[in-house]
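Comments concern the structure below.
The values are calculated or read from the model by the stated rules, or taken from the named source; none is laboratory data. Since this is a predicted model, take the numbers as computed values, not measurements. Cβ coordinates were reconstructed from backbone atoms using ideal geometry, including for glycine residues, and neighbour counts include every protein chain displayed.
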Amino acid sequence: MARERFDPLAPDPAGLAAAVAVLRRGGVVAYPTDTLYGLAVDPRNDEAVARLFAVKGRGAASAIALIAADATMAEQVAAEGFGPLERRLASAFWPGPLTMVVPAARGMAAALTPHGTLGVRVPAHLVARALSAAFGACITATSANLTGRPPSVTADDVAAALGALVDFLVDAGPAPGGAPSTVVELVEGRPVLHRAGAVAWDRVLEFVE
């Protein structure tokens, strides 16, 4: 596993390019988000996604969300873009720990969309957004740990938990930790909570009702 230290406030372009090269060849990159360390692969690459499930020891029916560099990029993975309510939530909570479930656009790996949908968000972590921006597309954001084991808050946690299963480790210091992102879906104009998390449900309802 290659490991490179990143300045969390000014990620080095050469380091980002090295991580992107790993993603483009189907590899797995660990990186910090605004909650925990996550695992990135190219969500359009079926083989890379299959490897991600294997690294996690995770069943294929489990959802894996994506992160984007910005809201425009996030809309690209939604089959018909965002509606007015999705845009309202994006404006209110992004960058931040709110994941929106949307109908998946064509081209996503089949294993990511067993129900025809996927989750996406824009994280409040500069390195995570910079990695997605350098890649030029959304990347996966499942937690960097074996399924059922404690999540990784530091790069050392990732190394201890996954070691050589990860190809490149972006070490940008500790992630904030805490609750995972809140996951919400808008169904026929009504919000549905899929997972309680860092954004209080009452706050979500303020923007959609």
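Of all residues in the range 116-140, those satisfying the criterion of being under 13 Å from the mean Cα position of the chain (by Cα) and either in a strand (DSSP E or B) or modelled with pLDDT under 95 (or both) are L118, G119, V120, R121, I139, T140.
Of the residues A48, A78, A68, the single one that is modelled with pLDDT of 95 or more and closer than 23 Å to G173 by Cβ is A68.
Take A164 and decide whether it is among the small types (G, A, S), surrounded by fewer than 19 Cβ atoms within 10 Å (Cβ to Cβ) and part of a loop (DSSP other than H, G, I, E, B). Spell out how you get there, then give the answer.
Working: among the small types (G, A, S): yes; surrounded by fewer than 19 Cβ atoms within 10 Å (Cβ to Cβ): yes; part of a loop (DSSP other than H, G, I, E, B): no.
In short, no.
Within the range 176-209, restricting attention to residues that are outside any strand (DSSP E or B) and touching a helix residue (DSSP H, G or I) at 6+ places or on another chain (Cβ under 9 Å), which residue is nearest to P151 (Cα to Cα)? Ranking the candidates gives V199 first.
The set of residues in the range 144-190 that are closer than 17 Å to A65 by Cβ and either touching a strand residue (DSSP E or B) at 6+ places or on another chain (Cβ under 6 Å) or at pLDDT 95 or above (or both) comprises A144, P151, S152, A175, S181, T182, V183, V184, E185. Restricting attention to the range 24-73, the residues being outside any loop (DSSP other than H, G, I, E, B) and either charged (D, E, K, R) or over 15 Å from V120 (Cα atoms) (or both) number 17.
Here A164 passes the criteria (1) in contact (Cβ under 8 Å) with a residue 40 or more places away in the chain; (2) closer than 15 Å to T142 by Cα; (3) of a type outside the set (V, I, T) except the one numbered (2). Against the conditions (1) more than 16 Å from P151 (Cα to Cα); (2) among the hydrophobic types (A, V, I, L, M, F, W, C); (3) in contact with a strand residue (DSSP E or B) (Cβ under 9 Å, 6 or more places away or on another chain); (4) at pLDDT 95 or above, M1 satisfies every one except (4).
Restricting attention to the range 1-23 and to residues that are without any contact (Cβ under 8 Å) to a residue 40 or more places away in the chain and assigned to a helix (DSSP H, G or I), the residue that is surrounded by the fewest Cβ atoms within 10 Å (Cβ to Cβ) turns out to be A14. Between A68, A74, A78, A40, the distinction of being buried (at least 19 other Cβ atoms within 10 Å of the Cβ), in contact with a Leu (Cβ under 7 Å, 6 or more places away or on another chain) and small (G, A, S) belongs to A40 only. Among residues of the range 96-108 that are over 29 Å from G177 (Cβ atoms) and touching a residue at least 24 places away in the same chain (Cβ under 8 Å), those with a Cβ under 8 angstrom from a residue that is among the aliphatic types (A, V, I, L, M) and surrounded by fewer than 22 Cβ atoms within 10 Å (Cβ to Cβ), sequence gap 6+ or separate chain, pair up as P103/A78; P103/A79; A104/A78; A104/A79; A105/A78; A105/A79; R106/A79. What about T113, is it hydroxyl-bearing (S, T, Y) and either within 20 Å of P180 (Cα to Cα) or modelled with pLDDT of 95 or more (or both)? In short, no.
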